[in-house]
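So that we are looking at the same thing, I have put the structure below in structure tokens.
The values are calculated or read from the model by the stated rules, or taken from the named source; none is laboratory data. Since the structure is predicted, the reported quantities are computational estimates derived from the model, not experimental observations. Glycine gets a Cβ as well: all are built from the backbone with ideal geometry, and neighbour counts include every protein chain shown.
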Amino acid sequence: MKTIAIIIPAYNEADNILPVYQEIQKALLSFTSYNWEVIFVNDGSSDKTLEVLESSAKEYANLKYISFSRNFGKDNALKAGIDSVKSDLVITMDADLQHPPSLIPELISKYEEGYNVVYAHRKGNNPHASFFNKLSSKLFWKILNMLSGLDLEDGISDFRLLDKKVIGVLKSMNESELFFRGMVKWVGFNQIGIEYVPNERLKGETNYSKSQLLKLAIYSITSFSTKPLYSAIYIGFIFSGLSILYIPYIIYSIIHHLEVPGWSSIIMTIVFFGGLQLIMLGVIGIYIGKMFMQAKDRPNYIIDTKNF
Ligand code: UDP
Ligand code: MG
């Protein structure tokens, strides 16, 4: 019989653990042709998540958990889950029931049709998001796709099914800054997306603030593309091209003894290029930082305890 591991990262989700487990149980009731287990990855929660996991694991034999020594972030939690499984299939989803477990049978049936990866992406706009959030999310995916050449859908989620081949590849990817949504697309194979309508978060609040999302955006773009580094060259070409156009005017003004207009244009130029140089230094800095982290070769996560 084939086995499915459902991997769920959980950061301060004490109230959501049992509801999500029970919803999954309900959704898989009629799936007698698969053995399944749920693996929660406690990502250094400061609430009672670990206690709830410990007591629930005693109650349900197929509820497993991994607990980190501190918070390492969602993508590292997913990686830890994937590294730890021997199952034929993996399904990853959020702990807050925003990813409806009732969709799991559909993910599995697509796999049975022969797909290696089945991912869920949000149908249309997120009805719960504000206008600003919708706009910035659209912009983020546009820029990411342009720079990485990956073609990720706007609203692609971490709700997905992976087959054995893909699990194997992901296990072998030990880069230091993981961006799962990009990595899964990047591996290739036969992939298909299905649409879903996200629910409201069951309990608690989102763990991502606006500034964290901006950090995440820069992080994901720079782990998937080196194009931002080349942008300096293109911008350089454009501006040196434009400055050549200025030469005829200079000659003209020398001939006609025209006075050079005030210093404001000079200051403008200095400020503008100063800013540009700072941005490019920042971009280079980010990549050097990544190389530094990779060179140290530290683990992506540290496991404190696990029950399997
Ligand atoms: N999460 C995590 N580590 C973190 C932040 C979030 O494991 O540092 C988990 C969280 O418990 C949830 C999922 O990642 O299962 C998505 O987080 P959240 O619902 O806060 O994000 P949103 O749905 O708002 O994108
Ligand atoms: Mg959520």
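The conditions are (1) within 16 Å of ligand 1 (Cβ to nearest atom); (2) under 16 Å from the mean Cα position of the chain (by Cα); (3) small (Gly, Ala, Ser), and Gly149 fails exactly one of them. Which is it?
The one condition Gly149 does not meet is (1).
Now for a different question. If only one of Ile8, Ile4 is away from ligand 1 (no atom under 11 Å from the Cβ) and crowded, with 19+ Cβ neighbours inside 10 Å, which one is it?
The unique qualifying residue is Ile4.
Going through the stretch 59-100 one residue at a time, which ones are within 16 Å of ligand 2 (Cβ to nearest atom) and among the charged types (D, E, K, R)?
Lys74, Asp75, Asp94, Asp96 - these are the residues of the stretch 59-100 that are within 16 Å of ligand 2 (Cβ to nearest atom) and among the charged types (D, E, K, R).
May I ask you to say which residue of Ser243, Ser176, Ser211 is within 18 Å of the chain's Cα centre (by Cα), more than 26 Å from Asn133 (Cβ to Cβ) and among the polar types (S, T, N, Q)?
Ser176
Further question on the same structure: Of everything in the stretch 91-100 that's of a type in the set (A, V, I, L, M) and buried (at least 23 other Cβ atoms within 10 Å of the Cβ), which residue is farthest from ligand 1 (Cβ to nearest atom)?
Ile91
Any residue at all in the stretch 142-164 that is away from ligand 2 (no atom under 16 Å from the Cβ), modelled with pLDDT of 90 or more and more than 25 Å from Thr49 (Cβ to Cβ)?
yes
Next question, about the same structure. Considering only the stretch 22-72, how many residues are under 14 Å from Asn307 (Cβ atoms), touching a residue at least 40 places away in the same chain (Cβ under 8 Å) and not hydrophobic (A, V, I, L, M, F, W, C)?
The number of residues fulfilling the criteria is 5.
Which of (1) closer than 23 Å to Gln191 by Cα; (2) more than 16 Å from ligand 2 (Cβ to nearest atom); (3) polar (S, T, N, Q); (4) surrounded by 15 or more Cβ atoms within 10 Å (Cβ to Cβ) is the odd one out, the single condition Ser56 does not satisfy?
Unmet for Ser56, out of (1) closer than 23 Å to Gln191 by Cα; (2) more than 16 Å from ligand 2 (Cβ to nearest atom); (3) polar (S, T, N, Q); (4) surrounded by 15 or more Cβ atoms within 10 Å (Cβ to Cβ): (1).
Return the pair list, or none, for Cβ contacts closer than 8 Å from residues in the stretch 194-208 that are near ligand 1 (Cβ under 10 Å from one of its atoms) to residues that are modelled with pLDDT under 80 and in a loop (DSSP other than H, G, I, E, B), at least 6 apart or on different chains.
Pro198/Asn126; Pro198/His128
Could you name every one of the helices (runs of 4 or more DSSP H) located completely within the stretch 178-288 that has at least 3 residues being among the hydrophobic types (A, V, I, L, M, F, W, C) and surrounded by 15 or more Cβ atoms within 10 Å (Cβ to Cβ)?
In the stretch 178-288, 180-187, 210-224 are the helices (runs of 4 or more DSSP H) which contain 3 or more residues that are among the hydrophobic types (A, V, I, L, M, F, W, C) and surrounded by 15 or more Cβ atoms within 10 Å (Cβ to Cβ).
What single numbered condition from (1) more than 10 Å from ligand 1 (Cβ to nearest atom); (2) on the phi > 0 side of the Ramachandran plot; (3) in contact with a strand residue (DSSP E or B) (Cβ under 6 Å, 6 or more places away or on another chain) fails to hold for Gly44?
All conditions pass for Gly44, except number (1).
Being more than 15 Å from ligand 2 (Cβ to nearest atom) and basic (Lys, Arg) is the filter here, so list the residues in the stretch 180-200 that pass it.
Of everything in the stretch 180-200, just one residue is more than 15 Å from ligand 2 (Cβ to nearest atom) and basic (Lys, Arg), namely Lys185.
On to the next question. Considering Asn42, Asn62, which residue is under 21 Å from Lys203 (Cα atoms) and surrounded by 14 or more Cβ atoms within 10 Å (Cβ to Cβ)?
Exactly one of Asn42, Asn62 is under 21 Å from Lys203 (Cα atoms) and surrounded by 14 or more Cβ atoms within 10 Å (Cβ to Cβ), namely Asn42.
Given the structure, is Leu63 among the hydrophobic types (A, V, I, L, M, F, W, C) and at positive phi?
Considered against the rule, which asks whether it is among the hydrophobic types (A, V, I, L, M, F, W, C) and at positive phi, Leu63 comes out as no.
Quick test of your reading of the structure: Val169 fulfils all but one of (1) in contact with a helix residue (DSSP H, G or I) (Cβ under 7 Å, 6 or more places away or on another chain); (2) surrounded by 20 or more Cβ atoms within 10 Å (Cβ to Cβ). Name the failing condition by number.
Exception for Val169: condition (2).
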